[in-house]
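Below you'll find the structure, written out as structure tokens, and then a few comments.
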Amino acid sequence: MPYQVPDLRYPYDALEPHIDEATMRLHHDKHHQAYVDKANAALEDTEWEGLRPKEILTQLDDLPDDIRDTVRNNAGGQYNHCMLWRNMTPGGGGDPSGALGEAITSTFGSADNLRAEMKQAGIGQFGSGYAWLVHDGSGLAVLSTPNQDNPISDGKAPLLGIDVWEHAYYLKYQNKRPDYIDAFFHTVDWDTVAERFADV
Ligand code: MN
């Protein structure tokens, strides 16, 4: 079955004032849809059609040369945005609890320190990309990736990603990426991050 943009689990305006309704509509309905359409067009009638983005993104080297970059960018766009919508929730934010909270405190010292590290990773990502909290096989780590690359292609498990493409924040925050990242943390659904952490 071709990829589809999943419906949001909350109304477009539910993340206000942190993430505004106009940005959510454009980001979900137009930007995410464009990745899906391009991924589907590139994969149609190939042996890769029907594979989940996760399966494709962990074997990019095996893709034919003529579609590799297109699929990397657009199957990546599908995977990253599906994650993104699930990583946000109305009334989100605060600090993670349970095993995830303990691991974050143990690794970074505090949830505040984790947020500061992710913010620096997001600010430091030149151009478009993502800041990530990952499990790299030995423990938690923060990193950034360009474009629609996902740490899963490097064998790392993505737990939380912040989209730092301008389309994610420019309508409301203009050039103030740091302010957007601060606001994003007020929407984080730590429960879904904890579910991913439990699956590592
Ligand atoms: Mn995006």
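The values are calculated or read from the model by the stated rules, or taken from the named source; none is laboratory data. All of these numbers come straight from a predicted model, not from anything done at the bench. Heads up, the Cβs are rebuilt from the backbone with ideal geometry, glycines too, and the neighbour counts pull from every protein chain shown.
Quick notes
- Subset of region 139-163 that is surrounded by 15 or more Cβ atoms within 10 Å (Cβ to Cβ) and of a type in the set (D, E, K, R) - its residue that is nearest to residue 63 (Cα to Cα): 149
- Region 6-33, subset closer than 27 Å to residue 68 by Cβ and touching a residue at least 40 places away in the same chain (Cβ under 8 Å), residue farthest from the ligand (Cβ to nearest atom): 6
- Complete set of residues in region 124-138 that are surrounded by fewer than 21 Cβ atoms within 10 Å (Cβ to Cβ) and either free of Cβ contacts under 8 Å to residues at least 24 places away in the same chain or touching a helix residue (DSSP H, G or I) at 6+ places or on another chain (Cβ under 6 Å) (or both): 124, 126, 127, 136, 137, 138
- Helices (runs of 4 or more DSSP H) within region 1-120 that include 3 or more residues modelled with pLDDT of 95 or more, out of contact with any Cys (no Cβ under 6 Å at 6 or more places or on another chain) and surrounded by fewer than 17 Cβ atoms within 10 Å (Cβ to Cβ): 21-25, 33-43, 65-86, 98-108
- Residues that are in a loop (DSSP other than H, G, I, E, B), away from the ligand (no atom under 16 Å from the Cβ) and among the hydrophobic types (A, V, I, L, M, F, W, C) do occur in region 123-133, at least one of them.
- The residue of region 148-179 that is nearest to residue 81 (Cα to Cα), among those that are outside any helix (DSSP H, G or I) and away from the ligand (no atom under 16 Å from the Cβ), is 159.
Table: residues versus (1) within 16 Å of the ligand (Cβ to nearest atom); (2) free of Cβ contacts under 8 Å to residues at least 12 places away in the same chain.
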residue	(1), (2)
64	no, no
74	yes, no
95	no, no
105	no, yes
117	no, no
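- Filter pass, residue 84 being in contact with an Asp or Glu (Cβ under 6 Å, 6 or more places away or on another chain) and within 14 Å of the ligand (Cβ to nearest atom): yes
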